[in-house]
Amino acid sequence: MIEIKTAKDMQCVTKTYRKEGKTIGFVPTMGFLHEGHMALAEKARKENDIVVMSIFVNPLQFGPGEDFESYPRDIERDRKLAEGGGVDVLFTPAPEDMYQQESTVIVNVKKRTDVLCGRSRVGHFDGVATVLTKLFNLTSPTRVYFGMKDAQQVAVVDGLINDFFMDIKLVPVDTVREEDGLAKSSRNVYLSKSEREEAAALYQSLQHGARLIADGERNPDVIMEEVRGMLNKTSGVIDYAEIYSYPDLKSREMLSGKIIIAVAVKFSKARLIDNIIIDIPDDRKEDL
């Protein structure tokens, strides 16, 4: 594994790989790697000649009062995990390299951001889309890998790639979970012992919603009342518990097609998100 620290060097290495006809799988991360990140790298390893992983805590996607300064970082540990996970190139730029001057252009995401995390984190997805545009230009990936834990981000990236005609294949990867169902997250380290036990309720509530749909319930209000009821039993505060079509993230009076049930709960020092995607068959029967 080689480590590259500047945008210029990253672009030079990428051009070499492309000239050699090699496919590039790109895994963008903010570091403090866990099994979820490594699952992305593993899938990229299977599908590409070269695996590039970036570790960059992007200041542009953190709003006032959010945890940019305290976001967990451990670059030495991350290097070992990346190398052990089959990463060929680890890209670790500094903020001053990625943002060398006051930006003249910021990507403004117009859709799929007015709900879920985007509602309370104004400008967050603009920051995500802007840094990904930079990273995609630097790494020239054949495929990019994102975890479905942040399904709204996957929906935004889908729009970014399609709207700008980027020659990149988006590869969503299933959420990696603890034994009790809690989604792996760098922020899980902030949970107290009791909160960690309670946090399993996020996935349990999603599973309950999925069972209701499997049993024939199609009214989103009924489903979400049950989901919120389970989350209210924790000491956390519900940020949101909502259900939409996916990936366009639109409300539906009655559910059909691909939908997402998504929740976010704020504990004392950590805000956790989770979701489940369900493809609902059309219940309508055509007249013979």
For this session: For the pairs Lys134/Lys169; Lys8/Lys169; Lys134/Lys266; Lys111/Lys149; Lys43/Lys184, note any where the Cα-Cα span goes beyond 21 Å.
Result: Lys8/Lys169; Lys134/Lys266
For this session: Return the long-range amide H neighbours of Met30 (sequence gap of 5 or more, or a different chain), with a cut-off of under 5 Å between placed amide H atoms.
Result: Phe56
Exercise. Roughly what percent of Cα-Cα pairs across the stretch 2-173 reach past 26 Å?
Worked result: 24
Problem set entry | √(5λ) per eigenvalue of the Cα gyration tensor, the stretch 186-277, largest first, Å | 25, 13, 10
For this session: Could you work out how far helix 124-139 tilts from the main Cα principal axis of the chain, as a 0 to 90 degree angle to the nearest 10?
Result: 40
Exercise. So what's the chain giving for Rg/Rh, alpha carbon basis, Kirkwood Rh from the mean inverse pair distance?
Worked result: 0.98
Seminar exercise, completed: Inter-part gap, Cα centre of the stretch 155-184 to Cα centre of the stretch 196-222, in whole angstrom, is 22
For this session: Report ³J(HN,Hα) in whole Hz for each residue of the stretch 94-107, in order, from the Karplus equation J = 6.51 cos²θ - 1.76 cosθ + 1.60 where θ = phi - 60°; Gly and Pro get x.
Result: 8, x, 5, 7, 6, 10, 6, 8, 4, 5, 8, 9, 10, 6
Exercise. To the nearest 10 degrees, how steeply does helix 151-163 sit against the main Cα axis of the chain, on a 0 to 90 scale?
Worked result: 60
Seminar exercise, completed: Which residues qualify? For Thr23, with a placed amide H closer than 5 Å and at least 5 residues away or on another chain, they are Asp49, Ile50
Exercise. What list of ³J(HN,Hα) values in whole Hz, one per residue of the stretch 69-84 in order, does the Karplus curve 6.51 cos²θ - 1.76 cosθ + 1.60 (θ = phi - 60°) give from phi, with Gly and Pro shown as x?
Worked result: 5, 8, 4, x, 9, 7, 5, 5, 4, 5, 4, 5, 5, 4, 5, x
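All of the numbers you see were taken from the coordinates with simple rules; none came from a lab. In this text the structure is predicted, and so the values were computed from the model without any measurement.
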